[in-house]
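The values are calculated or read from the model by the stated rules, or taken from the named source; none is laboratory data. Keep in mind that what you see is a predicted model, and the values were worked out from it rather than measured. With ideal geometry, Cβ positions are generated from the backbone for all residues, glycine too; neighbour counts draw on all protein chains shown. All accessible areas refer to the heavy atoms of the entire protein, side chains included, with ligands and DNA or RNA removed. Shrake-Rupley method; radii C 1.70, N 1.55, O 1.52, S 1.80 Å.
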Amino acid sequence: MEKIVSLCKRRGFIFQSSEVYGGLNGFWDYGPLGAELKRNIKESWWRSMTQLRDDVVGLEASIIMHPRIWEASGHTSTFSDLMVDCLLTKKRFRADQVDPQTGIAYFYTGAIDGVSGKESKDAFSTFYEQRGFQNPALQGERSEPTENSIRYNPENGSLLTEPRPFNLMLKTYVGPIESPENMSYLRPETAQAIFAQFKNVLEVARQKVPFGIAQMGKAFRNEINPRNFTFRSREFEQMELEFFIRPDEAVEAIFGNVAKPAGPGHPGEPQPNWGWQIWHQYWVEERLRFYENIGLPRNSLVEYWQKADELAHYARATVDILYKFPFSKRDDKGELAGEELEGIAARSDFDLSQHQRFTGKSMAVFDEELKTAWQKLSPEKQADLRERYGQARSKYLSKSGEPVEKAEKIARDEAEALTKGYYVPHVIEPSAGADRLALALICNAYCEDQAPDDKGKLETRIVMKFHPRIAPVKVAVFPLLKNKPELVNKAKEVRELLRPHMSVFYDEAGAIGRRYRRQDEAGTPFGVTIDFDTLGEQGPELKDTVTVRDRDGMTQQRVRISDLPGLLASKIR
Ligand code: GAP
């Protein structure tokens, strides 16, 4: 990881934010190459999620939204981590990140001033000295063995406070007066805007359930311990899809059955009779395909199914896609266990229902097919579906704090509405982080191998093996010599020819081998060299041809200049 962090700074992928002022913990800036990489990641995601599909539309919402949104979503009350403070240094830790300690713990009831004559300057003496004691002598010693305890600071042995919840949302004030009613939050996720705008989008998008709304953009979390380079930051970008589906009862009413996963793997093209489980599986597989498509091999990814006690109370199933980062913990077999890149959650109808309760505005959709199908069902089937749907709604409402009688009344009304074709859609949410993905792609690309220098001597080469689809620069163009105007002019012509189709870097400085080396570190997949053959000096058959060098195989191919845009474009798409 150290080598990767150092390369990121040296080559301008990632810098510490505000570095010239000493940095700001948990904030990062992307340099010239990093900015291109991140843009390519986001464009790939956007393209695959929206432009290449008929059933997903986009949204770009504001970062600061009405504060009630965060009450409805549960973030105000529950979006917190348990934290503990070191009594000695006041340093704050996430309770679940304290390494367990084993040994003897010593406790003291206090200290008295100036009587011990001890020279010791240990942490305890410092603690008391800071409180005005001279040469403190600790009193009332008691000790107890402790095993795998997370009550002590691993850095200095001091007792930690009891765990307390710490809300991760960053606050700000909207307008000129800093009063509680003007307080708002920087969004901790992009998803809620999608739910809040659901009805507006539905009205204009000419879409019917099942369909999705995608959004990417900044999110902010006041993480207690930002760590592992950009992995856990306080400002980051998310790429989220909310894919709205029919409740299973509606699918059953229309199609007579609910299709469930037939086995592992991709279930194929979406079918109208899919229930939530198969939709969930579909999105897990689609997301795995996406990662493979931009160069993360399948064996670097882990599909982790959250256990029942890890699931949010409204979630029916959640799969985390983990990437085996170099800093990941290792499992019992010594294998990298992986860290979360993305979570794909089946969230039932919780989110829209919450906004419906908090705003008093209906989030239900009307489904003509359901209305028509319902009338053809037998009375027994109608009663059965109505009962099941009503029970699910009643369960949600009472869990959300509605008094039992009120919950049952609303649930009965909603079950009645189902019979007329109305329901609150359920949702599958694939939620990914652009910065985590950038870091995974950087870790995955980093390679060291041996390559000949200009004199043919083997040297260690650092090469970033980015997939051409997301590589920051697609092609570098080099004139063989910079003091030959014919070569330089031709090389600039090639640059202009390629520029409309891809990002091009022109470099004429230094020996050709060094120029290749610089592009290897930038991860540029192709290098085009304009030499004397290009000018036709070795014979007319080579005139207007160039060598194209492949970064990974270091193979060279002679290609006509006019064929270059087509050849390269086919490899970067
Ligand atoms: N709407 C669901 C949601 O926000 P999440 O698991 O909290 O779920 C989704 O976040 C993704 O956002 C994560 O899988 C991760 O890629 C990214 N993410 C979350 N917190 C992050 C942080 N502090 N720094 C960088 N990325 C983060």
Charged (D, E, K, R) and either surrounded by fewer than 18 Cβ atoms within 10 Å (Cβ to Cβ) or not in a loop (DSSP other than H, G, I, E, B) (or both) - does that describe any residue in the stretch 181-196? yes
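Quick check: is even one residue across the stretch 198-211 within 16 Å of the ligand (Cβ to nearest atom), under 26 Å from the mean Cα position of the chain (by Cα) and surrounded by 15 or more Cβ atoms within 10 Å (Cβ to Cβ)?
yes
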Selection count, the stretch 219-252, where residues are modelled with pLDDT under 95, more than 10 Å from the ligand (Cβ to nearest atom) and either of a type in the set (D, E, K, R) or open to solvent by less than 10 Å² (accessible area, probe 1.4 Å) (or both): 0
Residue 290 out of contact with any Ser or Thr (no Cβ under 9 Å at 6 or more places or on another chain), over 24 Å from residue 418 (Cα atoms) and of a type in the set (Phe, Trp, Tyr): no
I'd like to know if the stretch 342-360 contains one or more residues that are surrounded by fewer than 20 Cβ atoms within 10 Å (Cβ to Cβ) and over 30 Å from the mean Cα position of the chain (by Cα). yes
Given the conditions (1) open to solvent by 10 Å² or more (accessible area, probe 1.4 Å); (2) of a type in the set (A, V, I, L, M, F, W, C); (3) away from the ligand (no atom under 12 Å from the Cβ); (4) within 30 Å of residue 325 (Cβ to Cβ), which single one is not true for residue 138? (4)
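Residue check: is residue 521 part of a helix (DSSP H, G or I), in contact with a helix residue (DSSP H, G or I) (Cβ under 8 Å, 6 or more places away or on another chain) and either open to solvent by 20 Å² or more (accessible area, probe 1.4 Å) or aliphatic (A, V, I, L, M) (or both)?
Answer is yes for this residue.
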What pairs come out if I take residues in the stretch 165-176 that are open to solvent by 80 Å² or more (accessible area, probe 1.4 Å) and pair them with residues that are aromatic (Phe, Trp, Tyr) whose C-beta lies under 9 Å away, six or more apart or interchain? 171/185
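Out of the stretch 302-319, which residues are touching a residue at least 24 places away in the same chain (Cβ under 8 Å) and either buried (at least 18 other Cβ atoms within 10 Å of the Cβ) or not charged (D, E, K, R) (or both)?
302, 304, 312, 313, 314, 315, 317, 318, 319
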Breaking point among (1) at pLDDT below 95; (2) assigned to a helix (DSSP H, G or I), for residue 454: (2)
Residues of the stretch 375-387 satisfying the condition of being part of a helix (DSSP H, G or I) and either at pLDDT below 95 or among the basic types (Lys, Arg) (or both): 381, 386
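Would you mind listing the strands (runs of 3 or more DSSP E) fully within the stretch 1-62 where at least 3 residues are within 30 Å of residue 210 (Cβ to Cβ)?
Fully inside the stretch 1-62 and qualifying: 56-58.
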Across (1) open to solvent by 10 Å² or more (accessible area, probe 1.4 Å); (2) in contact with a helix residue (DSSP H, G or I) (Cβ under 9 Å, 6 or more places away or on another chain); (3) of a type in the set (D, E, K, R); (4) away from the ligand (no atom under 16 Å from the Cβ), residue 486 clears everything bar (2)
Considering the stretch 236-257 alone, what residues qualify as being over 21 Å from residue 286 (Cα atoms) and part of a loop (DSSP other than H, G, I, E, B)? 247, 256, 257
Filter result for the condition that a residue is more than 16 Å from the ligand (Cβ to nearest atom), without any contact (Cβ under 8 Å) to a residue 40 or more places away in the chain and in contact with a helix residue (DSSP H, G or I) (Cβ under 7 Å, 6 or more places away or on another chain), over 298, 289: 298
